[in-house]
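Below is one structure, written out as structure tokens; comments come after it.
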Amino acid sequence: MVSPSFMAGIPELVILRVLKDREMYGYEIVQAIRAQTRDVVSLSEGVIYPLLHGLEKDGALKARRDKVEGRPRIYYTLTSKGVRRLFELTDGWTRLQGAVTAVLRGPAHAI
């Protein structure tokens, strides 16, 4: 099990990544993340929606409201600011992943 503090920032990263290719609504984002991570990352709607609203408020996402079968639905897309944020988070994750991989590969002891 991965600790919650170690996972900080990952929900934002994966939300931005799944939205990079096309607009989606909240539940669709939840399902896309589960599918693309083979259920390793399963974010509840209680996590997703506050992040979506925060990213929209920060200008990283743009929301479009629509009705589908009489029900309101909010579709989200990345803005240019969101694309920049995605690249920043991806760079940070890549550095972290490389550092952890180096530790897992074996002893390169520094004293």
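The values are calculated or read from the model by the stated rules, or taken from the named source; none is laboratory data. What you are looking at is a predicted structure, and each value in this text was computed from that prediction instead of being measured. Glycine gets a Cβ as well: all are built from the backbone with ideal geometry, and neighbour counts include every protein chain shown. Calculation scope for accessible area: heavy atoms of the full protein, side chains included, ligands and nucleic acids excluded. Shrake-Rupley method; radii C 1.70, N 1.55, O 1.52, S 1.80 Å.
Annotations for the structure displayed:
- Whether the chain is rounded, prolate or oblate, judged on the alpha carbon gyration tensor where a/c under 1.5 counts as rounded: prolate
- Inverse of mean 1/r across different Cα pairs in region 69-111, Kirkwood, Å: 13.9
- Percent carbon-and-sulfur accessible area, region 29-81, ignoring ligands, DNA and RNA, probe 1.4 Å: 50
- Structural descriptor for the chain: relative contact order 26 percent, calculated from alpha carbon pairs under 8 angstrom and at least 6 residues apart.
- Order by protection proxy (mean Cβ within 10 Å, highest first), peptides 21-32, 40-51: 21-32, 40-51
- Region 42-83 - convex hull of the alpha-carbon atoms, volume per residue in Å³: 82
- Set of region 35-49 residues, backbone N closer than 18 Å to the point 7 Å along the Cα-Cβ line of LEU104: 37-42
- Per-pair calculated FRET efficiency, R0 = 30 Å: GLN31 and LYS67 via Cβ, rounded to 0.05: 0.90
- Solvent-accessible area per residue in the chain equals 70 Å², computed with a 1.4 angstrom probe and all protein chains kept.
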